[in-house]
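Right, one structure below, let's go through it.
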Amino acid sequence: MKRQVSLEEISDGRLYSKNDMVKAGCGGCRGCSSCCRGMGGSVILDPLDVFRLVAGTSRSFLELLTDKLELNVVDGIILPNLKMSGREESCGFLNEEGRCSIHPYRPGICRLFPLGRYYEESASGGRSFRYFLQVQECPAQNKTKVKVSKWIDTPDLVRYEAFVNEWHYFLEDVENRLQQSGQDEERKNTNLFLLKLFYMKPYDTRQDFYEQFAQRMAQAREILS
Ligand code: SF4
Ligand code: SF4
């Protein structure tokens, strides 16, 4: 999700890479669950998030859509996100003790918080991202320094970051193309195609995610080219 704010307004003004130390440590959150409530549709799920959720909950993507997830249009593309509901607009995975019931397979955005991703394209066309610290979002006091890679708590971080980067810029390219075409029919068909290919079509959760994603991405690029 693109945000029309300057980095200076919402961060400490620094960009971080995976080996940097950042003051994000919240001391185990100690009874706070504020980033699991009232988040609207902002916890958007990528294909790896859904792969992990399906494997962890033993529920299909369509079953999860009946209660825990929902679909929304994000910058012109239909994508799933965690559904917030109830009086406190809580994530459906937040348990009665105010803890995440799916901690080992929680989505990437939850792993990142209060970090965010800052995508940057160089003059030579290089496309990459780094991390920034959101300074107004997490109320924990006296945050401790932690290595970004440790904070993200995701195995095989090199492949993960490559996947995140590819997925982001792929969606951006699709979005730009759809904006230029301006045709509702193409927009609808492309959205349905992407939703089915990357989210609805079951992954083999016993096999490597990244290889399955690469095959689907090759198919998508071929069909959309
Ligand atoms: S807002 Fe900060 S302290 Fe509270 S649950 Fe989220 S990360 Fe933890
Ligand atoms: S998945 Fe877990 S960490 Fe993420 S918003 Fe829901 S309860 Fe919070």
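The values are calculated or read from the model by the stated rules, or taken from the named source; none is laboratory data. Every value quoted in this text rests on a predicted model; they were computed, and no experiment measured them. As a convention, Cβ positions derive from the backbone with ideal geometry for all residues, glycine included, and neighbour counts pool all protein chains shown.
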Complete set of residues in the range 85-95 that are more than 10 Å from ligand 2 (Cβ to nearest atom) and not in a loop (DSSP other than H, G, I, E, B): S85
Members of the range 25-40 that are away from ligand 2 (no atom under 12 Å from the Cβ) and modelled with pLDDT of 95 or more: none
Near pairs, Cβ below 8 angstrom, 6+ apart or cross-chain, from the range 176-202 (under 23 Å from S60 (Cβ atoms)) to any residue that is assigned to a helix (DSSP H, G or I) and among the small types (G, A, S): F193/A220; L194/A220; L197/A220; F198/A220
Selection within the range 205-225 - more than 12 Å from L48 (Cα to Cα) and not in a helix (DSSP H, G or I): R206, Q207, S225
Candidates E211, E175, E161, E166 - the one that is closer than 30 Å to R30 by Cα and under 21 Å from the mean Cα position of the chain (by Cα): E161
Strands (runs of 3 or more DSSP E) wholly inside the range 1-84 containing at least 1 residues that are surrounded by 18 or more Cβ atoms within 10 Å (Cβ to Cβ) and within 16 Å of ligand 1 (Cβ to nearest atom): 21-25, 77-82
Failed condition for G98, given (1) touching a Lys or Arg at 6+ places or on another chain (Cβ under 6 Å); (2) within 12 Å of ligand 2 (Cβ to nearest atom): (1)
